[in-house]
1. For Asp182, are the conditions met, namely being touching an Asp or Glu at 6+ places or on another chain (Cβ under 9 Å), closer than 30 Å to Gly57 by Cα and open to solvent by 30 Å² or more (accessible area, probe 1.4 Å)?
2. Where the second residue is open to solvent by less than 60 Å² (accessible area, probe 1.4 Å) and among the aromatic types (Phe, Trp, Tyr) and the first is at negative phi and assigned to a helix (DSSP H, G or I) and lies in segment 161-178, which pairs have Cβ atoms under 7 Å and are six or more apart or on separate chains?
3. Might you let me know whether segment 116-129 holds any residue that is assigned to a strand (DSSP E or B), polar (S, T, N, Q) and surrounded by fewer than 21 Cβ atoms within 10 Å (Cβ to Cβ)?
4. Against the conditions (1) surrounded by 10 or more Cβ atoms within 10 Å (Cβ to Cβ); (2) on the phi < 0 side of the Ramachandran plot, where does Pro42 fall short? Just the number, please.
5. Right, Thr62: β-branched (Val, Ile, Thr) and under 24 Å from Lys165 (Cβ atoms) or not?
6. In segment 59-110, what residues are open to solvent by 50 Å² or more (accessible area, probe 1.4 Å), under 20 Å from Asp187 (Cβ atoms) and in a loop (DSSP other than H, G, I, E, B)?
7. From the residues in segment 41-58 that are assigned to a loop (DSSP other than H, G, I, E, B) and touching a strand residue (DSSP E or B) at 6+ places or on another chain (Cβ under 8 Å), which one is modelled with the lowest pLDDT?
Amino acid sequence: MKRFCSKASFLLLVALILTTCVYTEAQKCRPSGRIIGKKAPPGQCNQENDSDCCEQGKVYTTYECSPPVSTHTKAYLTLNSFQKGGDGGGPSECDNQYHSDDTPVVALSTGWFNNKSRCLNKITISANGRSVEATVVDECDSTMGCDEDHDYQPPCANNIVDASKAVWKALGVPQDQWGGLDITWSDA
């Protein structure tokens, strides 16, 4: 009987570990495709805030998902202008409006944007020992790019929080370091 209990306990432990591994594997976000870069026509790719322009023939990975959201979701903060004429392109997806660089607003990667489910909701961004609340106003498209609709910029990675200057200021990041920063975020 003792031997049976030991074997049963061992098998139960193995089953639990395998179940956890399969669940964790299912939670990963895998690439959904690729697009081939096209060179922007002259003057068509706004490089304000050091935005990248697509390179002719370069392969870019696309995603339809983002990592799971938690109370401390790891992400990469990038800089974007949501103002008219800024590197964000057209009006914001959530409200069809432009937003001042002095307003704390963000665009989220496609999976986190989740078909507009976070539109006009606030998120809390933490980094540099500080936190700031920002309103979700746009999608940082992880599924498309390198075309006129996307200002000839590559698709976003699946872990991007693309933020206005106001967010960077509130986090106390020196201006010469703006552009890319590891952060955590959560729904506010």
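The values are calculated or read from the model by the stated rules, or taken from the named source; none is laboratory data. Just so it is clear, the structure is predicted and the values come from calculations on it, not from any experiment. We place every Cβ from the backbone using ideal geometry, glycine too, and count neighbours over all the protein chains shown. The area values use the complete protein model at the heavy-atom level, side chains included, leaving out ligands, DNA and RNA. Shrake-Rupley method; radii C 1.70, N 1.55, O 1.52, S 1.80 Å.
1. Working: touching an Asp or Glu at 6+ places or on another chain (Cβ under 9 Å): no; closer than 30 Å to Gly57 by Cα: yes; open to solvent by 30 Å² or more (accessible area, probe 1.4 Å): yes.
Taking the combined requirement at face value, the residue does not satisfy it.
2. Correct list of pairs: Trp168/Trp178.
3. Our first condition is that a residue be assigned to a strand (DSSP E or B); within segment 116-129, this holds for 122-127.
Then drop every residue that is not polar (S, T, N, Q), which leaves 124, 126.
Applying the additional criterion that residues be surrounded by fewer than 21 Cβ atoms within 10 Å (Cβ to Cβ) yields 124, 126.
Within segment 116-129, one or more residues are assigned to a strand (DSSP E or B), polar (S, T, N, Q) and surrounded by fewer than 21 Cβ atoms within 10 Å (Cβ to Cβ).
4. Only one criterion is unmet by Pro42, namely (1).
5. It is false that Thr62 is β-branched (Val, Ile, Thr) and under 24 Å from Lys165 (Cβ atoms).
6. Narrowing segment 59-110 to residues open to solvent by 50 Å² or more (accessible area, probe 1.4 Å): 59, 61, 64, 68-72, 74, 76, 83-85, 91, 93, 96-98, 102-103.
Going one step further and asking which of them are under 20 Å from Asp187 (Cβ atoms), we end up with 68-72, 74, 76, 93, 103.
Of everything in segment 59-110, those that are open to solvent by 50 Å² or more (accessible area, probe 1.4 Å), under 20 Å from Asp187 (Cβ atoms) and in a loop (DSSP other than H, G, I, E, B) turn out to be Pro68, Val69, Ser70, Thr71, His72, Glu93, Thr103.
7. Within segment 41-58, the subset assigned to a loop (DSSP other than H, G, I, E, B) is 41-47, 51-58.
Imposing the further condition that a residue be touching a strand residue (DSSP E or B) at 6+ places or on another chain (Cβ under 8 Å) reduces the set to 54, 57-58.
Details: Cys54: 89, Gly57: 96, Lys58: 96.
Top of the filtered list is Cys54.
Conditions (1) over 20 Å from Thr143 (Cα atoms); (2) without any contact (Cβ under 8 Å) to a residue 12 or more places away in the chain; (3) not hydroxyl-bearing (Ser, Thr, Tyr), marked per residue:
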site	(1), (2), (3)
Gly86	yes, no, yes
Pro91	no, yes, yes
Gln97	yes, no, yes
Asp101	yes, no, yes
Ala107	no, no, yes
Asn114	no, yes, yes
Arg118	no, no, yes
Asn121	yes, no, yes
Val132	yes, no, yes
